[in-house]
Amino acid sequence: MVTLPLYLDCHATTPVDPRVWAAMVPYFQEQFGNAASGSHGYGWQAQGAIAQARETIARTINAQAEEIVFTSGATEANNLAIKGVAEAHLQKGRHLVTVATEHQAVLGPCGYLEKLGFEVTYLPVDSQGLVCLETLEASVRPDTVLVSVMAANNEIGVLQPLAAIGEICQRHGVLFHSDGAQAIGKIPLDVEACHLDILSLTAHKIHGPKGIGALYVRRRPRFPLAAQIHGGGQENQYRPGTLPTAQIVGLSQAIALAHNLQREEQAHLKTLRTILWEHLRPLPGVTLNGHWEQRLAGNLHITVSGVSGGVLLKAINQVAAVSSGSACSSGQGKPSHVLLALGRPPREAAASLRFGLGRGHTKAQIEAIAPQICEIIAKVRHNGT
Ligand SMILES: *Cc1c(COP(=O)(O)O)cnc(C)c1O
């Protein structure tokens with residue numbers, strides 16, 4: 001077996017919590033029924049488990065159970081939200097507003113809509129990664145059908161002011177969507193307080209299984225949303241397909257657990273992140289990316305100037321599994337669009353490291369790894385590029 005370095009890439013994915021796993025297990029073999037089988041007990045068992053999961057998820061975001069639509073993850077949820085709203089509101093207009101630092105799962109559907117003739121405004125961010133509320137409000141037009149702003153950034157962890165944005169959207173009568181993939185369970189997310197109409201969720205960033213997520217779709221008042229997958233009538237026609245009971249139970253357990261542990265867990269992660277930063281901060285050439293306070297507790301993102309990004313990442317990966325940016329785009333060898341949006345030149349953007357801390361990380365681990373990381377950074381900088 002290969003020995004792997006310490007995993008510090010929790011924005012890419014996380015291990016399934018044993019409590020989540022234990023809750024899922026009965027639904028693979030014992031209670032394997034199809035929730036759409038209405039005439040017998042096998043179906044009823046699955047139905048019961050799914051109904052309970054729906055209720056649990058809804059409660060943590062201050063929604064109603066019938067407002068939760070299960071999807072295969074946040075990518076699918078974002079596609080349903082953005083393309084589904086655009087398609088269903090053609091009579092109102094063909095304009096959408098989003099942010100330059102969004103995840104590919106938002107930028108992708110927006111780009112697709114642009115090819116179909118829609119117009120998309122990509123709001124800039126300031127050097128700290130935050131959107132400007134005045135610019136956002138000024139970008140809303142009579143033909144705007146959706147504003148989509150992520151809750152927490154997957155690279156730099158920056159938290160956008162959702163409640164203030166929601167208020168602007170409400171005032172202008174525009175639907176408000178947020179990609180909550182990195183935020184759910186880590187910060188309080190309240191669809192009423194934030195005036196959210198649509199919210200995308202996923203399980204695997206908070207110690208749940210991969211391949212399951214959900215879309216919150218406001219029912220009061222109800223608005224048109226066009227399904228993007230066609231088939232049976234599941235999930236109020238929004239998302240047909242046999243519901244994966246075990247995955248859904250896993251999603252709900254992961255959300256409930258993160259929600260219940262939130263205060264304590266996030267305080268712990270903030271302590272660890274601060275320890276790591278205190279080690280890295282004095283190094284020449286090391287700078288922080290993203291707002292220090294308005295960010296996820298488990299996120300630290302730095303740029304190391306004067307080094308090659310490839311050399312740096314390879315060296316650090318000997319001791320710690322981190323990435324330079326999003327797992328979804330890092331394979332393409334392009335500097336991160338998020339760091340470019342912060343105003344980083346391409347070469348600096350490429351020489352960046354994202355640390356993602358999560359459940360199970362200890363102070364001892366971080367205190368042991370931090371000096372090793374510092375030593376590697378110093379060595380890479382000394383050797384030049
Ligand atoms: C991980 C992530 C996604 C994609 O979620 P999947 O469930 O893997 O499809 C979307 N948005 C953000 C912000 C993410 O971090």
Quick check: is even one residue across the stretch 181-193 surrounded by fewer than 17 Cβ atoms within 10 Å (Cβ to Cβ), at pLDDT 95 or above, over 11 Å from the mean Cα position of the chain (by Cα) and over 25 Å from Glu137 (Cβ atoms)?
no
Which numbered condition Leu251 fails, given (1) assigned to a helix (DSSP H, G or I); (2) over 15 Å from Ala77 (Cα atoms):
(2)
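For the stretch 224-235, state whether one or more residues are among the β-branched types (Val, Ile, Thr), assigned to a loop (DSSP other than H, G, I, E, B) and either within 16 Å of the ligand (Cβ to nearest atom) or at pLDDT 95 or above (or both). Spell out how you get there, then give the answer.
Taking the stretch 224-235 and keeping what is among the β-branched types (Val, Ile, Thr), we get 229.
From the residues that got through so far, the ones that are assigned to a loop (DSSP other than H, G, I, E, B) too are 229.
Adding the requirement that they be either within 16 Å of the ligand (Cβ to nearest atom) or at pLDDT 95 or above (or both) leaves 229.
Within the stretch 224-235 (the criterion being among the β-branched types (Val, Ile, Thr), assigned to a loop (DSSP other than H, G, I, E, B) and either within 16 Å of the ligand (Cβ to nearest atom) or at pLDDT 95 or above (or both)), the answer is yes, since at least one residue qualifies.
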How about the stretch 1-25: which of its residues are of a type in the set (Gly, Ala, Ser) and touching a residue at least 12 places away in the same chain (Cβ under 8 Å)?
Ala12, Ala23
With respect to Val249, is the statement that it is surrounded by 19 or more Cβ atoms within 10 Å (Cβ to Cβ) and more than 16 Å from Leu199 (Cβ to Cβ) true?
yes
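Consider Ala267 carefully, then state whether it is farther than 26 Å from Gln45 by Cβ, small (Gly, Ala, Ser) and touching a residue at least 12 places away in the same chain (Cβ under 8 Å). Give the steps one after another, and end with the answer.
Details: farther than 26 Å from Gln45 by Cβ: yes; small (Gly, Ala, Ser): yes; touching a residue at least 12 places away in the same chain (Cβ under 8 Å): yes.
Yes.
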Which one is farthest from the ligand (Cβ to nearest atom) among residues in the stretch 90-108 that are crowded, with 20+ Cβ neighbours inside 10 Å and part of a loop (DSSP other than H, G, I, E, B)?
Thr101
Are any residues in the stretch 190-219 more than 8 Å from the ligand (Cβ to nearest atom) and not in a loop (DSSP other than H, G, I, E, B), and if so, which ones?
Ile198, Leu199, Leu201, Ala214, Leu215, Tyr216, Val217
The stretch 281-385: strands (runs of 3 or more DSSP E) wholly inside it with 3 or more residues that are under 28 Å from Val125 (Cα atoms) and open to solvent by 10 Å² or more (accessible area, probe 1.4 Å) are 286-288
If you check every pair at least six apart or on different chains, which have Cβ atoms under 6 Å apart with a residue in the stretch 56-84 that is within 15 Å of Phe223 (Cβ to Cβ) first and a residue that is open to solvent by 30 Å² or more (accessible area, probe 1.4 Å) second?
Glu67/Arg219; Val69/Arg239; Leu80/Gln228; Lys83/Gln228; Gly84/Gln228
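Mind listing just one residue for me: the one in the stretch 237-246 that is assigned to a helix (DSSP H, G or I) and open to solvent by less than 30 Å² (accessible area, probe 1.4 Å) and, of those, nearest to Pro26 (Cα to Cα)?
Let us first name the residues in the stretch 237-246 that are assigned to a helix (DSSP H, G or I), namely 237, 245-246.
If we keep only those that are open to solvent by less than 30 Å² (accessible area, probe 1.4 Å) as well, we get 245-246.
Numbers: Thr245: 10, Ala246: 8 Å.
For the stretch 237-246, the residue satisfying everything is Ala246.
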Restricting attention to the stretch 118-155, report how many residues are outside any strand (DSSP E or B) and either within 16 Å of the ligand (Cβ to nearest atom) or not basic (Lys, Arg) (or both).
26
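Tell me yes or no: at least one residue of the stretch 163-175 is within 13 Å of the ligand (Cβ to nearest atom) and either more than 18 Å from Thr56 (Cα to Cα) or in a strand (DSSP E or B) (or both). Don't jump to the end; show me each part of the working.
If we filter the stretch 163-175 for residues that are within 13 Å of the ligand (Cβ to nearest atom), which is where we start, we get none.
So far as the stretch 163-175 goes, no, none of its residues is within 13 Å of the ligand (Cβ to nearest atom) and either more than 18 Å from Thr56 (Cα to Cα) or in a strand (DSSP E or B) (or both).
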Hits in the stretch 127-141 (condition: touching a residue at least 12 places away in the same chain (Cβ under 8 Å) and open to solvent by 40 Å² or more (accessible area, probe 1.4 Å))
Ser127, Gln128, Leu133, Thr135, Glu137, Arg141
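The values are calculated or read from the model by the stated rules, or taken from the named source; none is laboratory data. Because the structure is a prediction, the values reported are computed rather than measured. Methodologically, a virtual Cβ is constructed for each residue, glycine included, from the backbone with ideal geometry; neighbour enumeration extends over all protein chains shown. The protein model used for the area step is the full one, side chains on, heavy atoms only, and it has no ligands, DNA or RNA in it. Shrake-Rupley method; radii C 1.70, N 1.55, O 1.52, S 1.80 Å.
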